[in-house]
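Note sheet for the following structure.
Quick note: the coordinates plus some simple rules give every number you see, no bench work behind them. As the structure is a prediction and not an experimental result, all values here were calculated from the model. Ideal geometry is used to build each Cβ from the backbone, glycine not excepted, and the neighbour counts take in all protein chains shown.
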């Protein structure tokens with residue numbers, strides 16, 4: 001008898017414990033009203049945004065102000081949760097596992113979500129004028145199976161950064177136009193001694209695909225051609241061979257396969273590295289430090305032909321949840337007003353995603369000219385293919401291996417991964 | 001281990017080794033006595049246990065059930081559950097080409113960190129029970145690595161180890177021990193060593209204090225008797241101190257094995273520049289499977305998690321068997 005009583009008490013406590021646990025977990029996700037309205041399909045008055053943290057100073061401030069305006073203008077409430085980049089993959093995955101997806105999620109990928117049928121396309125939630133205003137490149141890469149799902153929040157374009165002081169010391173007059181010149185310059189800078197690094201080459205797991213993209217685009221290569229994976233194309237093997245050559249000649253920093261982008265930037269910021277692929281936030285840091293006299297130029301191409309730039313955009317995707325369509329549409333309507341979107345992008349030091357934005361930035365932000373000119377023709381990684389979401393991870397984990405092994409074998413393996421669907 | 005509660009630096013430092021002996025037995029004796037007098041009704045006992053039970057059920061059992069559930073599901077890269085996978089996830093984990101490397105790393109990591117920690121702690125604890133000027137300060141200093149968050153400590157070591165700016169390389173080069181910097185975190189032959197150093201560093205405080213408590217519990221009269229009988233210091237240590245330290249050694253080993261096995265931040269932080277699984281243990285392997293690797297599969301990661309739990313249970317079980325748990329706890 002006693003034991004049954006005991007188990008009743010225990011069971012009761014367990015339930016209480018679970019209830020407590022449920023409230024504590026998910027940082028507010030449990031209270032998001034999206035779920036409660038779900039069963040009845042009635043209109044949702046509060047939506048939740050999970051935003052990536054681009055900077056400590058600006059991201060949260062912007063979204064808080066945005067939520068205030070949103071409430072005033074539309075009457076809907078916007079719950080904002082800002083998550084660091086280190087955590088956001090994990091958080092978003094957990095939310096979706098637990099059926100607690102936010103209404104809007106800010107992330108660097110969208111195609112897998114579209115493939116899983118979780119997202120609204122532009123016909124449902126994006127006003128037509130806004131779609132027309134978004135740069136064609138981004139519409140192209142945001143389109144999965146004929147529908148536009150990946151709405152860009154901001155963009156960046158890479159450019160070639162060089163240390164003018166080191167160039168002068170090494171007797172180099174102008175930034176390289178071809179890879180041969182780059183190699184030459186890197187040798188000269190390394191020869192200065194004192195641990196100077198010619199070219200800072202980050203092929204570590206943080207963003208190996210970004211660095212490699214910049215190089216392969218400027219050798220006429222690509223990740224996919226005509227809809228087929230082309231990771232191990234001759235051009236790409238040639239590109240990776242060249243990177244290995246740079247590493248073998250020791251004109252890069254030590255151990256490029258294990259150097260993350262942030263570390264490469266640190267080398268450039270400290271005046272140790274002569275050249276690096278950077279983007280506007282790096283320029284902002286350099287301007288703040290005022291330590292390095294640097295120049296920004298188009299990235300040299302292998303044969304000296306016109307430089308191509310690697311562009312990146314992140315996405316604000318809208319999750320299909322019963323009754324949230326109107327509120328979500330109102331969100332995009334407000335976000336893409338020039339006041340909002342351009343303010344955000346400017347504060348974070350990135351580049352615009354709309355045609356109107358490019359115009360405004362071109363007039364007012366002379367420092368960004370190098371990037372803005374290249375932006376409309378920027379090439380992106382194949383973010384419109386869900387397979388890429390896995391290939392990207394495979395590239396991050398394996399590309400560096402080519403520095404101690406065979407570039408061809410490395411790329412063959414990646415090609416195989418891609419053809420097998422990740 | 002009732003003694004461990006009395007190890008707070010306060011009383012230990014104010015009292016010399018002599019009068020601690022007179023103090024401790026009286027405390028434990030009092031406890032034993034009160035235990036014998038009061039017998040509590042099981043329901044009242046349950047009432048007292050309730051918060052702990054609720055916590056165990058809510059924080060341990062419920063997630064464990066969820067984990068098992070997840071390990072049997074098929075998940076999309078987005079985290080969406082697409083259906084049931086049966087035992088596929090388990091098979092995929094066992095089939096993983098890097099599993100051997102990961103298991104070997106785990107063994108090296110746990111054995112190296114725990115063994116080095118225990119040996120160093122025995123020596124340091126021996127030193128810290130002696131009275132010397134400034135002992136209070138030293139004992140506090142020993143706690144610091146424990147008080148700091150593991151992520152912060154690990155990040156600190158990343159800076160110390162750095163190839164270009166790290167102070168360790170700087171010192172070694174200035175002393176002409178090495179000609180070119182060592183890539184502590186990027187060179188495969190150094191990475192595990194560098195991580196073990198940090199693992200030992202953060203495990204030392206807890207272990208030292210367990211041993212200080214253990215040493216404090218050794219009655220001085222036994223030692224005196226041995227000295228009178230002409231035992232050398234080494235004989236005294238080997239035949240009296242160490243056997244009497246067995247409970248403390250056991251606690252320290254078991255808890256350290258569990259902590260070190262489960263240690264995530266050190267390996268994750270120090271190894272984050274290295275691609276693949278070359279230096280991962282089963283814990284970081286599990287994390288990478290879910291969020292970083294090309295698999296990016298929650299179900300597979302959950303299956304790896306189940307293996308982790310089983311693995312640690314087996315290890316602890318074997319250890320307890322060896323050390324003869326029953327005999328020791330009945331003391």
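The calculated FRET efficiency for the pair residue A:367 and residue B:159, based on their C-beta separation and a Förster distance of 45 Å, comes to about 0.90. Taking chain A as a Gaussian network of alpha-carbon nodes connected by springs under 10 Å, the highest mean-square fluctuation of the residues A:284, A:264, A:111 belongs to A:284. Computed over chain A, the Cα gyration tensor eigenvalues convert (square root of 5λ each) into semi-axes of 42, 26, 21 Å, ordered from largest to smallest. Which of these, B:202, B:298, B:222, has the largest mean-square fluctuation under a Gaussian network model of chain B (Cα springs below 10 Å)? Highest fluctuation among the options: B:222. Using every pair of separate Cα atoms, the Kirkwood estimate puts the hydrodynamic radius of the range A:222-357 at 19.0 angstrom.
Using the Kirkwood radius over C-alpha pairs as Rh, can you work out the diffusion coefficient of the range A:126-277 via Stokes-Einstein at 4 °C, viscosity 1.567 mPa s, in µm² per second?
So the translational diffusion coefficient is about 75 µm²/s.
Inter-chain neighbour count for B:50-62: the average number of beta-carbon atoms from partner chains within 10 Å of each residue's beta-carbon is 5. Calculated FRET efficiency, residue B:43 to residue B:84, Cβ-Cβ distance, R0 = 41 Å: about 0.45 to the nearest 0.05. For chain A, the longest principal axis of the Cα atoms and the long axis of helix A:280-289 meet at an angle of about 70 degrees. Just to be sure I understand the curve: with the Debye formula and one point per C-alpha of chain B, what is log10 I(q)/I(0) at q = 0.09, 0.11, 0.13, 0.16 Å⁻¹? Ignoring solvent entirely, the Cα scatterers give -0.66, -0.93, -1.16, -1.38. Other protein chain C-beta atoms within 10 Å of residue C-beta, averaged over A:107-118: 3. Modelled spin-label separation between residue B:223 and residue A:284, with each label point placed 7 Å from Cα along the Cα-to-Cβ direction: 6.2 nm.
Reported to the nearest whole Å, the Cα centre-to-centre distance from the range A:156-227 to the range A:232-279 is 7.
Summary of the geometry: the range A:307-334 and the range B:137-168, compared by the centres of their Cα atoms, lie 42 Å apart. Taking other Cβ atoms within 10 Å as a rough exposure proxy, A:212, B:157, A:344 sort from fewest to most as A:344, B:157, A:212.
Place a label point 7 angstrom from the Cα of residue A:43 along the Cα-to-Cβ direction, then list the residues of the range A:303-347 whose backbone nitrogen is under 11 Å away. The answer is A:324-327, whose backbone nitrogens lie closer than 11 Å to the label point. Helix B:150-161 and the long axis of chain B differ in direction by around 80°, with both axes built from C-alpha atoms. Extending 7 Å from Cα along the Cβ direction at residue A:377 and again at residue B:94 yields two label points whose distance is 5.7 nm. Taking A:114, A:186, A:67 in turn, the Gaussian network model of chain A (Cα-Cα springs below 10 Å) assigns the largest fluctuation to A:67. The separation of the range A:351-365 from the range B:246-319, counted between C-alpha centres, amounts to 48 Å.
The relative contact order of the range A:258-341 comes to 14 percent, based on Cα pairs under 8 Å that sit 6 or more residues apart. In this rough spin-label picture, where each label sits 7 Å from Cα along the Cβ direction, the residue A:339-residue A:71 distance is 1.7 nm. Using the Kirkwood radius built from alpha carbon pairs, what does the Stokes-Einstein equation give as D for the protein assembly as shown at 20 °C and 1.002 mPa s, in µm² per second? Roughly 72 µm²/s, to the nearest whole number. Any idea what angle helix B:42-55 forms with the longest principal axis of chain B, computed on alpha-carbon atoms, 0 to 90 degrees, nearest 10? Tilt relative to chain B: about 40 degrees.
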